[in-house]
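Heads up, the thing below is written out as structure tokens.
All of the numbers you see were taken from the coordinates with simple rules; none came from a lab. Quantities reported herein were computed from a predicted structural model and do not represent experimental measurements. Neighbour counts are summed over all protein chains in view; Cβ atoms, including those assigned to glycine, are modelled from backbone coordinates with ideal geometry.
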Amino acid sequence: MDIVVQKFGGTSVSAESSREHCVRHVKEEIQKGNKVIVVVSAMGRKGDPYATDTLLSLLGENASYLPKREIDLLMSTGELISSTVFSTLLHRESISNTILTGGQAGIRTDNKFSEASIIGLHPERLLTQLETHDVIVVPGFQGETDKGDTTTLGRGGSDTTATAIGAGVHAKYVDIFTDVERIMPADPRIVEDAKTITDATYNEIFNLAYLGAKVIHPRAVEFAMTSNIPIRIRSTFSSEEGTLVCNKSEMTRLHQQQTLTSVTYTKNLLQLSIEKERFENIFSYFSEKDISIDFIQTSPTKVSFTLPLSLKDEAMALLNSRNRPIEMIEGVAKISLVGEAMKGIPGVMSKAIETLYQHNIDVLQTSDSHTTIWFLVLEKHMEEAVCALHQTFFA
């Protein structure tokens, strides 16, 4: 039995016209002889009646009184509604299908409500139902603890649901449907002439997702990578096969002449620098307060790092309480160049630095690994930096 997993996000299922496109994709796989597991998000975005943020707004100022266990019950209903609506369309098309909740589909999680992690998948019921149905519809974003409590998986949870199920049932591939035909090497809202990527490795897409590109959640890539299940990032509104994400050895790498895969960015950051001799135990202080820091760089005299601008007050209060003099730069952004093909290729860093300096963009920090190069710049220069680097490496 060949199984394909298809995940449709909130915008794909928000209106009947877009849901019709989703049904068409399901029918195409059935016609190929495949069984289909459909994972759906809640319909629409904030402001739409059944979107997750809209459901949360029903609690208003009283939200703080409700335990997270009960909040998860509320948040999980958006996907349940979406699943029922989608199942109805399939029945109308005489497509045999049934609905299994996340728990019924075998998704087992820890009990960290609102940010649960999947700790196991028991797909027996999924596989049994596929023997008598062509399609199983599963609400994304949710699972169940060993005690039977409903949990939600946090942002990007439906992506994670899809790839976790794909791994559990040994799917041929997992299709993540979105509103673009393929992944692009740069944000098209910034780089108007950005082309598309035909294929990429798990590591490349994981880095892109982790570094801010909103293509797929990093946890979802991890599940697929661990089980070597191919992912295709596709458009709901097109028949194009999209960007293939897989093991490097299985790639056609149509863009194999391309050293880099993408340039992405993370904005709304704060850079802090502390004299090295006064830095003792700072990391442990931040860890105790669950403040995550990033882009750590040391020199003979100081240690610099970044954190989200939203954590500024909390971080400053902590540092002031420890009597640590600091230098602070608000409004910085991290620019990231990603590409496995840069391994062993000399000159990529120098070429990027030269590009930024030619545009009079100061680099506050820089770092690199085998597959990623990072630059910290003032946020006011972020878009110009992205465009300049795209022109240098992708034009």
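Once the Cα atoms of helix 157-169 and of the chain are each reduced to a long axis, what angle between those two axes, in degrees from 0 to 90 to the nearest 10, is obtained?
The angle comes out at about 60 degrees.
Suppose only helical runs count, i.e. DSSP H with n ≥ 4. What mean residue ellipticity at 222 nm does that imply for the chain under -39500 (n - 2.57) per run, divided by all residues and rounded to the nearest 500 deg cm²/dmol?
-10000 deg cm²/dmol
Counting other beta carbons within 10 Å of each residue's own, what order do H370, H390, H91 fall into, fewest first?
Exposure proxy ranking, most exposed first: H370, H91, H390.
List the pairs from K68/K312; K172/K351; K147/K289 whose alpha-carbon separation is above 32 Å, in the order I gave them.
Table pairs above 32 Å Cα-Cα are K172/K351.
Give the relative contact order (percent, whole number) for the chain; include only Cα pairs under 8 Å separated by 6+ residues.
RCO, the chain: 13 percent.
Would you mind getting me the FRET efficiency between S299 and N320? Use the beta-carbon distance for r and R0 = 22 Å, nearest 0.05.
0.40
Could you put Y357, Y50 in order, starting from the residue whose Cβ has the fewest other Cβ atoms within 10 Å?
Result, fewest neighbours first: Y357, Y50.
Between 0 and 90 degrees, rounded to the nearest ten: what's the tilt of helix 218-227 against the longest Cα principal axis of the chain?
60
Where does each of M43, M225, M75 land when they are ranked from fewest to most other beta-carbon atoms within 10 angstrom?
Sorted ascending by nearby Cβ count, the order is M225, M75, M43.
Just list whichever of K276/K334; K35/K195; K112/K267; K195/K334; K7/K46 have alpha carbons separated by over 26 Å in the model shown.
Long pairs (Cα-Cα over 26 Å): K35/K195; K112/K267.
Quickly rank 136-143, 196-203 as a protection proxy: mean count of other C-beta atoms within 10 Å, highest first.
Highest mean packing first, the order is 136-143, 196-203.
If you average the sequence gap of Cα pairs under 8 Å that are 6 or more apart and divide by the length of the stretch 1-99, what percent do you get for the contact order?
Here the relative contact order equals 26 percent.
What is the sum of charges, Lys and Arg at +1 and Asp and Glu at -1, for the other residues whose Cβ falls under 13 Å from the Cβ of V36?
0
Show me 295-303, 121-129, 150-158 ranked by packing, highest mean number of other Cβ atoms within 10 Å first.
150-158, 121-129, 295-303
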